[in-house]
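See below for the structure under consideration.
The values are calculated or read from the model by the stated rules, or taken from the named source; none is laboratory data. In this text the structure is predicted, and so the values were computed from the model without any measurement. As a convention, Cβ positions derive from the backbone with ideal geometry for all residues, glycine included, and neighbour counts pool all protein chains shown.
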Amino acid sequence: MYLSSIYIEPKYIDIAKSSLQPMLEGAIVNTIPLTLISFIIGLILAVLTALARISNIKFLQIIARIYVSIIRGTPLLVQLFIIFYGLPNLGVTLNPFPSAVIGFSLSVGAYASEIIRAAILSTPKGQWEAAYSIGMSYSQALRRIILPQAVRVSVPPLSNTFISLVKDTSLASLVLVTEMFRRAQEIASQNYEFLLVYSEAALLYWIICFFLSIIQQFLEKRMDRHLA
Amino acid sequence: MISIKGLYKQFDQLEVLKGIDLEVEKGKVVVIIGPSGSGKTTLLRCLNVLETPTKGVISIEGNSLDFSKNVSKKHIASFRRLTGMVFQSYNLFPHKTAIENVMEGPIIVKGEGKASARKKAQGLLEKVGLGDKMTYYPAQLSGGQQQRVGIARALAMEPKVMLFDEPTSALDPELVGEVLKVMKDLAQEGMTMIVVTHEMRFAQEVADEVVFMDGGVVVERNKPEEIFNHPKEERTRKFLNMLQ
Ligand SMILES: Nc1ncnc2c1ncn2[C@@H]1O[C@H](COP(=O)(O)OP(=O)(O)OP(=O)(O)O)[C@@H](O)[C@H]1O
Ligand SMILES: [Mg+2]
C-alpha cells in the first residue's frame, strides 16, 4: 500500500543512470579481473596445498596445515590490511591491486585446498588400484585418473568459493582498489543518495552472481554427461 | 612360468598368507577356490604388488622380486606390468569412454602413439565383443560389459599373466556367461591365468589345475576332476560339500 504510493522522481532515475557507468567501469576494470586472477592463482595454490596435505612428507604436511589454519583463522580484511598497510613497514610497498590479488589468492588457496583434498580422498580406492595395476606411477595416477574425478566433485563447492570471492572483492575498496563498490562509495559521498547508489551496487553484484550460477549449472551438466 | 616361494603377508596383527608356494606353467589356467577370508584376494594382490608381501619371492618369466629385501618403487612398477589385474568391482575409469579406458595404459605408461594405441584398443574391444560400445562411458554399460572392458584394459598392457579376482561375482546371473566366455577364449589362446572364482563349472571346464586355499595356506592342488571328485583333504571335502 505504502510502497505502491511511492512516486519515483525523474531525478532518481537520472542518478541511477549516471552512476551505472562508473560502477560498471569499476566492475570491468577491477572487480572482475581481481576475481578471475585471484581465483586462478588461488586454485593453483589450493591444488598444491591439497597435495602437500595428502603427501607422506611430514614437512610439507605441516607447512600446508599452518598456512590453511592461519588464513582460515583470521579475517580476510585484516589480511588485506597487513599486506597493503603493514608490509610497507618492512620496506615492501605494493600497489592496491597486487595487494588485493595476493590477499584473495591466499584466501581462496586455503579454503579451496580443503575442498580439493576432500574430493581427492573421496575418490574410491579402487581407482588408485586400477591405475597402479596398469603400471601408472603415483603422479600419473593422480594427474590422469584421480584429479579429473576430484575436479568434478569439487565444482559445486568451488563455485560457492568463487561466488563468495566476487562479493569479497568489495573489501578491496578498503585497500584503495577502485573496484565497483569503491566507485559506489565515491558517488554516494557526492550526492548523498546512499540508499539508491548502494542498492544499485547490490543489484549489480547480484546480477553477476546470478550469471555465475548459471555457468556453474552448465559446467555441472557438461561434466555429468558420462554419468548417464 | 610363475613361481611363488614362501610368500607371507601380515596386516598389523593378522597373518593372512602363511607361506604360499605355487608354480604356474606358461599357458596354464589355475583356479583358486577357498572359503571367505582364506587369503585368495590377498594372494592375487601380492602378485600384482598392490600389497607388499611381508616376505617371500615371486618370479614371473625370469623377473624376480624378493620381498625379504628392500624393493624399489621403480622395480615394483616394472614388475607390476608383468601381470594384468581384473577386479571384482571392475574399477573402470568413469570419466573415460570404453576405448579411452583401454588406451590409457599404453599411451601413458608405455608411451605409445595415440593412433596405434587406438587401433590396438579397438581390436581388443572387438575381441571381447564390444566393438559397438567403444565410445560409451562405463555408466552407460552393463556390469558384464564393464567387466569385459576391464579385461581389455588389462590385456592392453600385454601382461605375461592375467589375474582375475572373482570377476563375475558382482554380476547379475544372466551376465556371468558373457564374461566367462571371454575368459575361456583367452585361455584357449594360451594366456597364463590365475582365477579366483566360485564358478565351479568354469573351473571344471577351463582350469588345468585347481588350488584350494584355507587359512592362508594352500591345502590341496590338483587337476579339476581329481579335486572335485576325489578330494584328498578333509578341509577340501567340507568346503566342496558346503557349496552343493
Ligand atoms: N588391507 C587390509 N587390512 C587388514 N586386513 C585385511 C586387509 N585386506 C584383507 N584383510 C584380511 O585378510 C583376510 C583375507 O582377506 P582376503 O580378501 O584375501 O580373503 P578372500 O579369500 O579373498 O575372501 P573372499 O572370498 O571373502 O573374497 C581377511 O580376514 C581380511 O579381513
Ligand atoms: Mg576375495
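Here are a few things to note about the model shown:
- Check on B:PHE239, crowded, with 16+ Cβ neighbours inside 10 Å, at negative phi, assigned to a helix (DSSP H, G or I) and within 16 Å of ligand 2 (Cβ to nearest atom): yes
- Residue selected from the range B:9-49 under the condition more than 23 Å from B:PHE228 (Cα to Cα) and within 14 Å of chain A (Cβ to nearest Cβ), by the criterion nearest to ligand 1 (Cβ to nearest atom): B:THR42
- The range B:163-184 - residue that is under 20 Å from B:LYS223 (Cα atoms) and more than 16 Å from ligand 2 (Cβ to nearest atom) and, of those, nearest to the chain's Cα centre (by Cα): B:MET183
- Selected residue (only one of B:LEU22, B:LEU44 is within 12 Å of ligand 2 (Cβ to nearest atom) and modelled with pLDDT of 95 or more): B:LEU44
- Only one of B:LEU7, B:LEU17 that is touching a helix residue (DSSP H, G or I) at 6+ places or on another chain (Cβ under 8 Å) and within 13 Å of ligand 2 (Cβ to nearest atom): B:LEU17
- Selection within the range B:50-74 - hydroxyl-bearing (Ser, Thr, Tyr) and within 13 Å of ligand 1 (Cβ to nearest atom): B:THR52, B:THR54
- B:VAL161 being within 16 Å of ligand 1 (Cβ to nearest atom), closer than 21 Å to B:THR41 by Cβ and modelled with pLDDT of 95 or more: no
- Among (1) closer than 27 Å to A:ARG143 by Cα; (2) free of Cβ contacts under 8 Å to residues at least 40 places away in the same chain; (3) in contact with a strand residue (DSSP E or B) (Cβ under 9 Å, 6 or more places away or on another chain), the one test that B:LYS73 misses: (3)
- Among the residues making up the range B:67-113, a single one is aliphatic (A, V, I, L, M), more than 7 Å from chain A (Cβ to nearest Cβ) and within 16 Å of ligand 2 (Cβ to nearest atom): B:VAL86.
- Residue count for the range B:203-222, restricted to those that are under 15 Å from the mean Cα position of the chain (by Cα) and within 16 Å of ligand 1 (Cβ to nearest atom): 3
- Put simply, of A:GLU193, A:GLU220 the only residue that is within 25 Å of A:SER107 (Cβ to Cβ), of a type in the set (D, E, K, R) and surrounded by fewer than 19 Cβ atoms within 10 Å (Cβ to Cβ) is A:GLU220.
- Within the option set A:GLN140, A:GLN149, A:GLN127, being within 14 Å of another protein chain (Cβ to nearest Cβ), surrounded by fewer than 21 Cβ atoms within 10 Å (Cβ to Cβ) and in contact with a Ser or Thr (Cβ under 7 Å, 6 or more places away or on another chain) holds for one residue only, A:GLN149.
- Selected residue [under 27 Å from B:ALA203 (Cα atoms) and exposed (fewer than 14 other Cβ atoms within 10 Å of the Cβ)] from B:GLY37, B:GLY62, B:GLY111: B:GLY37
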